[in-house]
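See structure below.
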Amino acid sequence: MGRRKSHNPTTSGDQSLNQQQQPAKIRFKDGDGDGDGQENAAGSSNLDEVMCDPDESTAVADMTVDASTREANESFPDDAGDNQTSADYYFDSYSHFGIHEEMLKDIVRTKTYQNVIYQNKFLFKNKVVLDVGAGTGILSLFCAKAGAQHVYAVECSHMADTAKEIVESNGFSNVITVLKGKVEEIDLPVAKVDIIISEWMGYFLLFENMLNTVLYARDKWLVNDGVVLPDKASLYLTAIEDAEYKEDKIEFWNNVYGFDMSCIKKQAMTEPLVDTVDQNQLVTQCQLLKTMDISKMTPGDASFTAPFKLVAERDDYIHALVAYFDVSFTKCHKLTGFSTGPRSRATHWKQTVLYLEDVLTICEGEALVGSMTVAPNKKNPRDVDIKVKYSLNGRRCTVSRIQYYKMR
């Protein structure tokens with residue numbers, strides 16, 4: 001995956017209407033402070049700018065595709081000779097403080113978790129908590145301060161040793177036990193836990209995620225009426241104009257100092273790009289692709305095929321699809337969560353850009369229709385294979401194509 005450099009997106013062609021973007025509906029509201037002296041989420045949550053209200057997402061998202069799981073398990077093109085996967089460095093990467101610094105400084109992420117815990121102490125008071133993928137132990141510290149009876153913080157990387165020091169330095173050694181190892185391999189000192197909390201989400205929601213690990217822990221240790229936090233995650237899709245950066249990122253390979261390196265272009269097209277998209281680049285409505293209920297789903301539910309229908313809100317060109325996700329905590333006294341969408345405050349997850357081979361000319365009211373198939377890579381389930389079928393039958397453009405992407 002690449003990363004975009006800072007630029008000022010421009011609207012392509014004379015067809016752009018440069019219409020004023022409409023304000024989005026509020027889906028979540030920040031909670032009030034709990035009198036604990038802690039800063040509340042005001043000014044940190046991004047939810048007052050969430051792009052889509054689920055009730056207004058294109059209705060096709062509610063369609064049930066009986067064959068979705070079957071199609072998601074269909075063979076993707078074989079990566080012959082490509083043996084490098086994210087599993088080769090996944091756990092080791094979390095041993096370095098830099099990645100934890102980035103996540104902790106993500107105010108939207110960290111303050112949402114803090115507010116969920118501090119403003120819903122009734123969930124944590126005298127309860128046993130399991131923190132899956134604890135990292136520095138920040139969520140465990142929040143839970144301990146909120147009155148948890150005991151917190152078991154499981155971390156596989158060498159950061160577990162640092163987390164133990166942090167717990168000791170803050171005087172919570174009698175409440176927090178840091179366990180170093182994989183959740184699937186450790187033995188908890190207790191038979192059951194009341195709450196499982198985890199920040200398991202990856203880029204594109206599912207890349208390098210810990211979802212299966214959370215589900216494993218849920219099935220093995222969570223009491224029958226236990227709580228998983230967060231408990232809902234939704235993946236969305238939209239389409240953007242991105243001529244300037246596509247030229248710089250993709251078309252660049254056609255002529256490199258006078259040499260044809262277009263063979264690299266083909267590879268670059270298959271690698272989704274993680275970066276922040278300017279909301280002014282949005283050409284279509286958003287589409288709810290998939291909502292996952294973490295308290296009830298099975299590991300197989302992370303493989304799916306979902307239809308989409310992206311209706312153009314103005315005349316413009318489409319160069320790429322953009323995916324992002326929302327998460328929510330529905331067990332709180334009032335609905336809480338955050339969005340990683342283009343119209344919300346930026347997070348370290350940014351958005352995921354999937355460039356199209358075609359440059360689509362679309363007119364207001366026309367629809368780009370198709371389906372997206374998502375499945376864990378067979379060699380390494382932390383990687384993600386994506387298949388997109390799309391077609392446009394418009395006044396100025398007619399196209400139908402299938403593209404494959406791989407997040408490694």
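The values are calculated or read from the model by the stated rules, or taken from the named source; none is laboratory data. Note that the coordinates shown come from a computational prediction; the quantities given were computed from them, not determined experimentally. Virtual Cβ from ideal backbone geometry, glycine too; neighbours counted across all protein chains shown. When the accessible area is computed, the model is the full protein with side chains, heavy atoms only, and any ligands, DNA or RNA have been set aside. Shrake-Rupley method; radii C 1.70, N 1.55, O 1.52, S 1.80 Å.
In whole percent, and with a 1.4 Å probe on the protein chains, what portion of the accessible area of the stretch 358-408 is carbon and sulfur? Reported share for carbon and sulfur atoms: 47 percent.
When the dipole is taken about the Cα centre of the stretch 316-363, and only Lys, Arg (+1) and Asp, Glu (-1) are charged at their Cβ, what size is it in debye, to the nearest 20?
500 debye
Along the stretch 277-287 the Karplus relation, 6.51 cos²θ - 1.76 cosθ + 1.60 evaluated at θ = phi - 60°, assigns HN-Hα couplings of 9, 6, 4, 6, 7, 5, 10, 10, 5, 8, 9 Hz to successive residues, with x for each Gly and Pro. Whole-Hz Karplus values for the stretch 132-140 come out as 8, x, 5, x, 6, x, 4, 5, 5 Hz, taken residue by residue from phi with 6.51 cos²θ - 1.76 cosθ + 1.60 and θ = phi - 60°; glycine and proline positions read x. Remark: the stretch 248-317 is approximated by an ellipsoid whose semi-axes, taken from the C-alpha gyration tensor as √(5λ), come to 33, 20, 11 Å, largest first. Mean projected area of the Cα convex hull of the stretch 163-300, taken over all directions, amounts to 13.8 nm². Annotation for the stretch 115-210: trypsin sites (Lys or Arg not before Pro) lying in DSSP loop with at most 14 further Cβ atoms inside 10 Å of their Cβ are Lys125, Lys182, Lys192. Peptides 215-226, 349-360 ranked from most to least packed by the mean count of surrounding Cβ atoms within 10 Å: 349-360, 215-226. The ellipsoid that matches the Cα gyration tensor of the stretch 313-408 has semi-axes, each √(5λ) in whole angstrom, of 28, 21, 12, with the longest given first.
Placing a label point 7 Å from the Cα of Gln149 along the Cα-to-Cβ direction, the residues of the stretch 185-212 whose backbone N falls under 11 Å from that point are 191-195. Report, in listed order, any pair from Lys192/Lys378; Lys220/Lys350; Lys125/Lys232; Lys249/Lys296; Lys232/Lys378; Lys127/Lys334 with a Cα-Cα distance greater than 29 Å. Result: Lys192/Lys378; Lys220/Lys350; Lys249/Lys296 exceed 29 Å. Highest-first packing order for the peptide set 165-177, 379-391 is 379-391, 165-177, based on the mean count of other beta carbon atoms within 10 Å. Bridgeable lysines around Lys389 (alpha carbons under 19 Å apart, same-chain partners fewer than 8 residues away excluded): Lys266, Lys290, Lys309, Lys406.
Between Thr284 and Ala239, Glu313, the built amide H atoms are under 5 Å apart, and every one of these is 5 or more places off in sequence or on another chain. Using all alpha carbons of the stretch 243-392, what is the percent of pairwise distances in each 5 Å bin, ordered from the shortest bin to the longest? Histogram of Cα-Cα distances, whole percents per bin: 2, 8, 14, 18, 20, 17, 11, 6, 3, 1, 1, 0, 0. Taking the Cα atoms of the stretch 282-343, the ratio Rg/Rh between the radius of gyration and the Kirkwood radius comes to 1.04. When the square roots of the Cα gyration tensor eigenvalues are ordered a ≥ b ≥ c, the ratio a/c for the stretch 107-154 is 1.5 or more and a/b does not exceed b/c, which makes its shape oblate. Per-residue Karplus couplings for the stretch 372-386, computed as 6.51 cos²θ - 1.76 cosθ + 1.60 with θ equal to phi - 60°, are listed in order as 10, 10, 10, 8, x, 5, 5, 6, 9, x, 7, 8, 10, 9, 10 Hz, Gly and Pro entered as x.
May I ask you to order 205-212, 322-329 by the average number of other C-beta atoms within 10 Å around their residues, highest value first?
Most protected by this proxy first, the peptides run 322-329, 205-212.
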